[in-house]
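**Q** I have a structure here, written as structure tokens, and I will follow up with some questions on it.
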Amino acid sequence: MTKSKYGIIGWPVKHSRSPHMQMSAFNKLGINAQYDLIPTNPNDLKSTVGNLVSEGYSGWNVTVPHKTNIIDYLDEIQTAARVSGSVNAVSVRNGKLWGFSTDGYGLEMSIKESFDINIEGGKFLFWGSGGAAAAAGAHFVNAGAAEIILVNRTISKAQALKQRLNEFNADTKITVEQPDQHAALKTLIERVSVVIQSTSVGLNVDDPISIPLELLGESLCLVDMIYSETTLLKEAKKMGCNVVDGKGMLLHQGAKSFEIWTGKTAPVDVMRQALSAG
Ligand code: ATR
């Protein structure tokens, strides 16, 4: 049996945990496959995509900074991925390149697992309106979220995202708020199902805390999309909030990628173990 080839393109990509996680799933299901780290300079994105196809890759994950630019080189894009302008999984089917976004699904599953909260009918506040919020927001409106509140330093970016999301699903109520309107935000946060930290603030250990702690109340459900335990999560936990970092999202986006590629149910628990060990 020939070996199937998969991988992840990004810049930098050497710290990715995806190879360990995906190989645990291939091994568990007895699939003869490899999953490579493929460092890809932004200037080389087009040629790398061409090389992956000619080398017979069946699919690959896409991470920062290529999630938007990869779209130019794909043939078919899943609707939610097109709306968010973000693709994190590519599948090669009969020579055609298909683009998917599985990050929002990953966040949905993480929220379900951690807080037992469904997206359908829920109210969510995204702190940030960049690529991460866009990917999750498109999935959430598609999944029937009742309400989404977008809070962003650059208000025009939040407004542009609101418009794109509402064109996709007008049934979700979407509002935009300024991050310095603390009194209004405190009241809003009391009414939402989950607050989702989706800015890049917190990626570096000496970053400030993105969401002012005075806005958080006891028993609030808070997700930080950053994979490690940020200072925000540590402080929120001390205040009695229910917190979860981005590892659950990473796990489930990977599981969905695996299912898109193989058509088989992902062995999520094996992947979870690999992620925590790796
Ligand atoms: P993208 O994910 O689209 O590449 P980004 O520039 O990495 O975007 O920023 C992601 C999010 O983090 C955005 O919401 C961004 O806010 P702006 O739209 O105002 O730039 C937010 N962000 C990044 N640095 C920030 C900071 N120092 N303070 C507040 N928000 C910040």
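**Q** How are the C-alpha pair distances of the range 51-123 spread across 10 Å bins, as whole percents from the shortest bin up?
**A** Result, from short to long distances: 19, 42, 26, 11, 2 percent.
**Q** Please find the FRET efficiency linking Asp44 to Thr187, where r is the Cβ-Cβ separation and R0 is fixed at 35 Å, and quote it to the nearest 0.05.
**A** 0.10
**Q** Under a 10 Å cutoff between Cα atoms, tell me which one of Leu233, Leu161, Leu215 has the largest fluctuation in the Gaussian network model of the chain.
**A** Comparing Leu233, Leu161, Leu215 in the GNM, the peak value goes to Leu215.
**Q** Taking only Cα atoms and a 10 Å spring cutoff, compute GNM fluctuations for the chain and point out the largest among Trp60, Trp127, Trp11.
**A** In the Gaussian network model the winner is Trp11.
**Q** Please compute the contact order of the chain in relative form: average sequence separation of alpha-carbon pairs under 8 Å and at least six residues apart, divided by the residue count, as a percent.
**A** Working: 558 pairs, mean separation 49.5, N = 278.
This gives 18 percent for the chain.
**Q** Which lysines does Lys123 reach when only Cα atoms under 18 Å apart count, and residues fewer than 8 places away in its own chain are ignored?
**A** Lys123 reaches Lys112, Lys162, Lys173, Lys186.
**Q** Around Ile209, what is the net charge, scoring Lys/Arg as +1 and Asp/Glu as -1 over all other residues with Cβ under 10 Å from its Cβ?
**A** So the surrounding residues net to -1.
**Q** What 222 nm value per residue comes from the helices of the chain, counting each DSSP H run with n ≥ 4 as -39,500 (n - 2.57) and dividing by all residues, nearest 500 deg cm²/dmol?
**A** -12000 deg cm²/dmol
**Q** Two decimals is fine: what's Rg over Rh for the range 104-245, C-alpha atoms, Kirkwood radius as Rh?
**A** 0.92
**Q** Using Cα centres only, tell me the gap between the range 227-278 and the range 103-155 in whole Å.
**A** Taking the Cα centre of the range 103-155 as reference, the centre of the range 227-278 is 16 Å away.
**Q** Expressed in nm², what is the orientationally averaged projection area of the convex hull enclosing the Cα positions of the range 171-230? Show your work: numbers first, answer last.
**A** Numbers: hull surface 19.7 nm².
With every direction weighted equally, the projected area is 4.9 nm².
**Q** Which value in nm describes the separation of the simple spin-label points at Ala170 and His20, placed 7 Å from the Cα toward the beta carbon?
**A** With each label placed 7 Å out from Cα toward Cβ, I get 4.8 nm.
**Q** What residues qualify as long-range amide H neighbours of Cys241, i.e. H under 5 Å apart, gap of 5 or more or another chain, H built at 1.01 Å from N?
**A** Ser219
**Q** For the range 69-197, with the dipole built from +1 on Lys and Arg beta-carbon atoms and -1 on Asp and Glu ones, taken about the Cα centre, which of Ala160, Ala89, Tyr105 lies farthest toward the positive end?
**A** Of Ala160, Ala89, Tyr105, it is Ala160.
**Q** To make sure I understand the rule: partners must be lysines, Cα under 27 Å from the Cα of Lys3, and not fewer than 8 residues away in the same chain. Which ones qualify?
**A** Leaving aside lysines fewer than 8 places away in the same chain, those within reach of Lys3 are Lys14, Lys28, Lys46, Lys67, Lys96, Lys256, Lys264.
**Q** Which of rounded, prolate, oblate describes the chain, given a ≥ b ≥ c as roots of the alpha-carbon gyration tensor eigenvalues and a/c under 1.5 marking rounded, otherwise prolate only if a/b is larger than b/c?
**A** prolate
**Q** Pick out which of Ser58, Ser86, Ser101 has the largest mean-square fluctuation in a Gaussian network model of the chain, springs linking Cα atoms closer than 10 Å.
**A** Comparing Ser58, Ser86, Ser101 in the GNM, the peak value goes to Ser58.
**Q** When a/c is below 1.5 the answer is rounded, else prolate if a/b is larger than b/c, else oblate, so apply that to the range 1-108 with a ≥ b ≥ c taken from the square roots of the Cα gyration tensor eigenvalues.
**A** Details: a/c = 1.36, a/b = 1.25, b/c = 1.08.
Since a/c stays below 1.5, the shape of the range 1-108 is classed as rounded.
**Q** With point charges of +1 on the Cβ of Lys and Arg and -1 on the Cβ of Asp and Glu, referenced to the Cα centre of the range 104-245, which listed residue (Val201, Ala143, Ile174) lies farthest in the positive direction of the dipole?
**A** After comparing all options, I get Ile174.
Every number here is computed from the coordinates shown, using simple stated rules; none is lab data. Here the structure is a predicted model, which means the values were calculated and not measured. Reconstructed Cβ throughout: ideal geometry from the backbone, glycine too, with neighbour counts over all protein chains shown.
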